[in-house]
1. From largest to smallest, what semi-axes in whole angstrom does region 41-99 give when each is the square root of 5 times an eigenvalue of its alpha carbon gyration tensor?
2. Put Ile15, Ile7 in order of accessible area, largest first, 1.4 Å probe: what do you get?
3. Under a 1.4 Å probe, what is the accessible area of the chain per residue, stated in Å²?
4. In region 43-99, what GluC sites (Glu not before Pro) fall in a loop by DSSP, with at most 16 other Cβ atoms inside 10 Å?
5. With bins 10 Å wide starting at 0, give me the P(r) of the chain over every alpha carbon pair, in whole percents.
6. Mind listing which chymotrypsin sites (Phe, Trp or Tyr not before Pro) in the chain are in a DSSP loop and have 14 or fewer other Cβ atoms within 10 Å?
7. Aspartates and glutamates within cross-link reach of Lys60: Cα-Cα under 15 Å, excluding same-chain residues under 8 positions apart?
8. Rounded to the nearest 20 Debye, what is the dipole magnitude of region 26-89 about its Cα centre when Lys and Arg each give +1 and Asp and Glu each give -1 at the C-beta?
Amino acid sequence: AGPNLLICKDQYHNIFGCFASESWRSVSRRFYGSPACFLFTFYPTFRVFRAQEKEIALMKSDRESICMGGGDAWGLQLQKDFLVGSSSRCSTFNNDPLT
């Protein structure tokens, strides 16, 4: 329990993930987490995408998926089996898609 680092590798060998400032919750109706949350790419290029100032759409989760970011899209979203997910540009982290 507590802060955690999630590292993913896709079918094309891209390595990316997120830092969650607190434990994931089984059900959250609202966003949670602190501005310490961030998204990153590790391979083929290392980049860090930090939360934009005053953003509150950081972490959200339920029994079906975990998500980072928000606004117009998820910065990183993974289904409960961790085998399917997506990454899009989002206003929370002002990120490029991670993969």
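The values are calculated or read from the model by the stated rules, or taken from the named source; none is laboratory data. Everything numeric here is computed off the predicted structure, so don't read it as measured data. Counting neighbours? That spans all protein chains shown, and the Cβs are built from the backbone with ideal geometry, glycine included. For accessibility, only protein heavy atoms count, side chains too; no ligands or nucleic acids. Shrake-Rupley method; radii C 1.70, N 1.55, O 1.52, S 1.80 Å.
1. 18, 16, 8
2. I get Ile7, Ile15, largest accessible area first.
3. 62
4. Those that pass, being in a loop and sparsely packed, are Glu53, Glu64.
5. 17, 55, 26, 1
6. Sparse-neighbourhood loop chymotrypsin sites (Phe, Trp or Tyr not before Pro): Tyr12, Phe46, Phe82.
7. Glu22, Asp72
8. Dipole about the Cα centre, nearest 20: 100 debye.
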